[in-house]
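Trainee: Take a look at the following structure, please.
What follows is calculated from the coordinates using simple rules that are stated; it is not laboratory data. Nothing here was measured: the structure is a model prediction, and the numbers come from that model. Neighbour counts are summed over all protein chains in view; Cβ atoms, including those assigned to glycine, are modelled from backbone coordinates with ideal geometry.
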Amino acid sequence: MSRRATVPTPPRSGESSRSTRETAVRLKLDLDGTGRTSLRTGLPFLEHMLDCMCRQALFDLEIAAKGDLEVDDHHLAEDLGLALGDALATALGDKTGVRRYGWAEAPLDEARVRCAVDLSNRPYLAWGLAFTQKRLKAFELGLLEEFARAFCDRARLTLHLEQAAGRNDHHVAEAAFKALGLALRQACEPDPRRRGVAASTKGTLAR
């Protein structure tokens, strides 16, 4: 009685590094992880958001980064989005066999945020979060949108975030990143009915 050989599944992981006069970023991403993170960026609130995202997506993420935070947090927040997008694009490869679409809604106390993701190869961000204040402690909340836009550009995905409810800015931001993690998990999951096939009428999601 013969047995079929098991074809090993290639690792769905990606690495990215950026080095400029403003920032230095090294990042590793594993799509088939357990939600483990090791984040050293100097931006603790953004680290908290990324940890929330990865725990819901079951992505493993390692980041070692530094930037000119004495000038502004903007450069590093944006470059972290670029690096994460690059790593996700590498990990997904040509995107054949994945579900492509993901959507989720996450509540946190009075806050509730909806998220929809399309691994479309067409970068687009629809940002629907409205914060009541400019900063939480030292972190400028507007930088979350800059991070998300840079992430979408490099990952080449469409992302819609819609705030359905919420007054506490921390709760709104956290609900958004948890919803993003849930939607990314769904979109990036292999679809057993699409082996070797892209979920697109074009026949490809790579161009």
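Trainee: Report the full-extension gain for the segment residue 40 to residue 62: residue separation times 0.36 nm, less the Cα-Cα distance, to one decimal in nm.
Mentor: Between residue 40 and residue 62, full extension yields an extra 7.1 nm.
Trainee: For all pairs of alpha-carbon atoms in the stretch 58-135, what percent lies in each bin of width 5 Å, listed from the first bin to the last filled one?
Mentor: The percentages, shortest bin first, are 3, 9, 15, 19, 21, 19, 11, 3, 1.
Trainee: Please give the net charge around residue 194, taking every other residue with its beta carbon less than 11 angstrom from that of residue 194, where Lys and Arg add +1 and Asp and Glu add -1.
Mentor: That works out to +3.
Trainee: Any idea what the relative contact order of the stretch 13-188 is, in percent, if you count C-alpha pairs under 8 Å spaced at least 6 apart?
Mentor: 28 percent
Trainee: Still on this structure: Report the gain in length on full extension from residue 191 to residue 122: 0.36 nm times residue separation, minus Cα-Cα distance, nm rounded to one decimal.
Mentor: Residue separation times 0.36 nm, minus the Cα-Cα distance, leaves 22.7 nm.
Trainee: Under a crude label model (7 Å from the Cα following the beta-carbon direction), how far is residue 110 from residue 137 in nanometres?
Mentor: About 2.2 nm, to one decimal.
Trainee: For the cross-link pairs 95/178; 28/178; 66/137; 95/134, which exceed 26 Å when the distance is taken from alpha carbon to alpha carbon?
Mentor: In this structure, 95/134 exceed 26 Å between Cα atoms.
Trainee: Distance between Cα centroids, the stretch 48-81 to the stretch 106-136: provide it in whole Å.
Mentor: That distance is 17 Å.
Trainee: Can you tell me the order of 147-158, 129-140, 17-28, 79-90 when each peptide is scored by its average per-residue count of other Cβ atoms within 10 angstrom, highest first?
Mentor: Going from most to least packed, we get 79-90, 147-158, 17-28, 129-140.
Trainee: Another one. For residue 130 paired with residue 22, estimate the spin-label separation in nm (one decimal), with each label point 7 Å from Cα along the Cα-to-Cβ line.
Mentor: Roughly 3.0 nm, to one decimal.
Trainee: So which GluC sites (Glu not before Pro) in the stretch 37-117 end up in coil per DSSP with only 12 or fewer other C-beta atoms within 10 Å?
Mentor: Loop-located and lightly packed - 70, 110.
Trainee: Could you give the dipole magnitude of the chain about its Cα centre, charging the beta-carbon of Lys and Arg +1 and that of Asp and Glu -1, in debye to the nearest 20?
Mentor: Here the size comes out at about 1160 debye.
Trainee: Among DSSP bridges having both ends in the chain, what percentage is antiparallel? Round to the nearest 5.
Mentor: 80 percent
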